[in-house]
Ligand SMILES: Cc1cc2nc3c(=O)[nH]c(=O)nc-3n(C[C@H](O)[C@H](O)[C@H](O)COP(=O)(O)OP(=O)(O)OC[C@H]3O[C@@H](n4cnc5c(N)ncnc54)[C@H](O)[C@@H]3O)c2cc1C
């Protein structure tokens with residue numbers, strides 16, 4: 001089938017937990033949808049998720065993605081590898097492109113997630129795999145209960161994260177990447193947070209080690225990086241969707257301010273969690289199905 005001759009009921013940009021779940025729902029409504037995915041789901045970083053509903057023994061992020069792909073494939077969802085670089089309106093349709101390839105659709109779901117800013121070290125991948133470097137306290141702070149936890153990033157960003165982590169441990173160290181005034185440092189200390197001087201991080205194969213400029217080393221059980229993130233929101237703000245700091249605003253049906261354009265999962269403002277991505281996907285897919293002309297009855301000519 002030639003993509004350019006084809007009009008899909010829905011084009012889904014992104015094949016992480018949100019996009020794959022939406023695709024499965026739409027196919028189970030007998031809708032024609034396609035997923036275009038750049039293959040960089042945040043879930044690939046998850047060494048083991050222990051809060052994903054239905055997996056009491058935990059599940060690796062890559063295994064979860066495999067299972068979601070298997071489920072979507074079982075209902076005939078096509079998944080193409082590619083990075084969508086533009087979406088335009090053409091009459092009643094949307095036309096999305098990835099280089100020379102194009103897809104035409106009646107609706108669009110943006111499920112493109114976020115891209116974490118990471119510390120500037122070559123060992124970052126290995127440290128995340130070892131759960132020494134972490135990116136989501138809501139996801140896995142439970143597994144760091146009573147551990148020595150570091151929080152790395154600009155001072156103003158790490159203090160609220162560190163306060164959240166005091167539920168889990170009494171040993172929280174701030175690892176600021178910038179200077180903070182003495183009043184802010186004093187306030188943090190009064191909250192029981194240790195403020196380490198600016199320095200470098202190193203990974204010893206198991207844990208992260210903070211080295212101050214004077215050479216003092218502090219080994220930490222887990223370090224949360226709070227450096228912010230980027231999103232592909234511009235793909236849909238160009239169509240009229242609204243976003244703040246890269247996070248898209250949606251209504252109760254997951255529709256953006258651009259009619260026919262939906263956003264689900266981490267790219268939406270709110271809680272970045274797999275369970276939330278699943279919920280967004282179910283709501284968006286059901287609303288899209290209800291809004292499209294009735295699908296031809298099965299067996300009709
Ligand atoms: C280290 C770590 C541990 C985590 N642990 C947990 C946990 O235990 N429990 C939990 O609930 N959550 C956890 N999370 C969060 C969870 O991974 C995310 O909430 C979830 O992956 C969001 O799903 P999504 O589909 O919205 O985005 P993603 O999974 O990030 O998928 C988005 C997809 O869209 C693709 N994409 C982006 N732009 C484009 C484009 N222009 N064209 C085509 N494709 C595009 C990306 O490459 C990617 O494949 C963790 C995250 C990290 C980083």
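Values quoted throughout were computed directly from the atomic coordinates according to the rules given, and no laboratory measurement underlies them. Since the structure is predicted, the reported quantities are computational estimates derived from the model, not experimental observations. Neighbour counts run over all protein chains shown; Cβ positions are idealised from the backbone, glycine included.
Going from the residue with the fewest nearby Cβ atoms within 10 Å to the one with the most, 253, 226 rank 253, 226.
Computed extension gain for residue 136 through residue 121, at 0.36 nm per residue and net of the alpha carbon distance, reaches 3.5 nm. Where in the range 145-179 is the amide nitrogen less than 13 Å from a point lying 7 Å along the Cα-to-Cβ axis of residue 214? Flagged as within label range: none.
In whole percent, what relative contact order does the chain give with Cα contacts below 8 Å and a gap of six or more residues? Kindly include the intermediate steps, with their values, before the conclusion.
On the way: 620 pairs, mean separation 61.1, N = 301.
That works out to 20 percent.
Scoring 129-142, 49-62 by mean Cβ neighbours within 10 Å over their residues and listing the highest first yields 129-142, 49-62.
Per residue of the chain, the DSSP helices (runs of n ≥ 4 H) give a summed -39500 (n - 2.57) that works out to -7500 deg cm²/dmol at 222 nm. The simple Förster model, with R0 at 41 Å and r as the Cβ-Cβ distance, assigns residue 50 and residue 92 a FRET efficiency of 0.35. Our note on the geometry: Cα centres of the range 68-88 and the range 94-171, 23 Å apart. Estimated at 0.36 nm per residue, the fully extended path between residue 81 and residue 67 surpasses their Cα-Cα distance by 3.3 nm. Tell me the label-point distance for the pair residue 286, residue 191, using the 7 Å Cα-to-Cβ offset, in nm and rounded to one decimal. My value for the distance between the label points is 3.8 nm.
Starting from the Cα-Cα distance between residue 206 and residue 145, subtract it from 0.36 nm times their residue separation and give me the gain in nm to one decimal. Mind dumping the intermediate values first?
Working: separation 61, 0.36 × 61 = 21.96 nm, distance 1.76 nm.
Stretched fully, the residue 206-residue 145 segment lengthens by 20.2 nm.
Averaged over residues, the count of other Cβ atoms within 10 Å places the peptides 168-177, 261-270, 75-84 in the sequence 261-270, 168-177, 75-84, highest first. Of the peptides 104-116, 186-198, the order by per-residue mean of other Cβ atoms within 10 Å, starting with the highest, comes out as 104-116, 186-198. Answer rounded, prolate or oblate for the range 118-225, using the Cα gyration tensor with square roots of eigenvalues a ≥ b ≥ c: rounded when a/c is under 1.5, else prolate when a/b is larger than b/c, else oblate. Note, shape of the range 118-225 comes out oblate.
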